[in-house]
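Structure first, commentary second.
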Amino acid sequence: MDIAPRYVDVAGAAVYLGTGERFIRRLIAERRVAFHKVGTHVRFKVSDLEAFAQAGRVEPISVRWSGGKAVA
């Protein structure tokens, strides 16, 4: 039985968000994402990473075309 980890490290967070580790470390430095310190290690709760990703969600708009130009 394979159980998804509840916490991931910086490398795991980068894979989960589809970014590089450097971006994750910048998010930590700027305090833009929730994280946990375990001694000297940094860990992320998967649900916190998902909340961070959802916070950046942009809903699509419907576009109409008029005279060859897009009109919102």
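All of the numbers you see were taken from the coordinates with simple rules; none came from a lab. Remember, predicted model here, so these are calculated numbers, not experimental data. Cβ atoms come from the backbone with ideal geometry, glycine included; neighbour counts cover every protein chain shown.
Out of segment 30-72, which residues are outside any loop (DSSP other than H, G, I, E, B) and over 24 Å from residue 6 (Cβ atoms)? Before you say what the answer is, go through the steps one by one.
The initial filter retains those residues of segment 30-72 that are outside any loop (DSSP other than H, G, I, E, B), namely 36-38, 41-55, 64-66, 69-71.
64, 65, 66, 69, 70, 71, listed by residue number.
Taken together, the criteria place residue 6 among residues that are loosely packed, with under 13 Cβ neighbours inside 10 Å, touching a residue at least 12 places away in the same chain (Cβ under 8 Å) and not polar (S, T, N, Q).
Exactly one residue out of 37, 45 is exposed (fewer than 10 other Cβ atoms within 10 Å of the Cβ) and basic (Lys, Arg), and it is 37.
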